[in-house]
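Nothing in this text is a laboratory measurement; each read-out follows from the coordinates by a stated rule. Computed from a prediction, not measured in an experiment: that's the story for all the values here. FYI the Cβ positions are ideal-geometry reconstructions off the backbone, even for glycines, and counts take in every protein chain you see.
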Amino acid sequence: MIRILLLRALLFAVPFAIYGAYLLLSRARSIVPDHDTPWTALFISGLALVAASFIYVGLTEGESTKGRYVPPHAVNGKIVPGHVEKDRSP
């Protein structure tokens, strides 16, 4: 769970890191930007990256839904989680 939260936090921070690198490179070339920091655009682009990662994970991960669903049940005192069994018919 911590890995997932850290990944989302890093995705959110990517636009800020890119802007920070831009500022460092512009100062190294003695170019001082005369505009304000685009906090709103950075925040929205970070949220867009996080939302895109949720959509990607939702579409690509998980078990197949084709087959027969077997609900959770107990076998010899142990709980077997629910799962989808593949159809065995040709």
Please identify the trypsin sites (Lys or Arg not before Pro) of region 1-83 that satisfy two criteria: DSSP loop assignment and at most 14 other Cβ atoms within 10 Å. Which are they?
Arg29, Lys66
Phi to ³J(HN,Hα) by Karplus 6.51 cos²θ - 1.76 cosθ + 1.60 over region 13-18, Hz, x for Gly, Pro
7, 4, x, 5, 5, 5
Phi to ³J(HN,Hα) by Karplus 6.51 cos²θ - 1.76 cosθ + 1.60 over region 35-52, Hz, x for Gly, Pro
10, 6, 5, x, 4, 5, 5, 5, 5, 5, 5, x, 5, 5, 5, 5, 5, 5
Residues of region 1-37 with amide N under 19 Å of a point placed 7 Å along Cα→Cβ from Ile44:
12-20, 35-37
The computed P(r) of the chain puts the percent of Cα pairs beyond 22 Å at 58
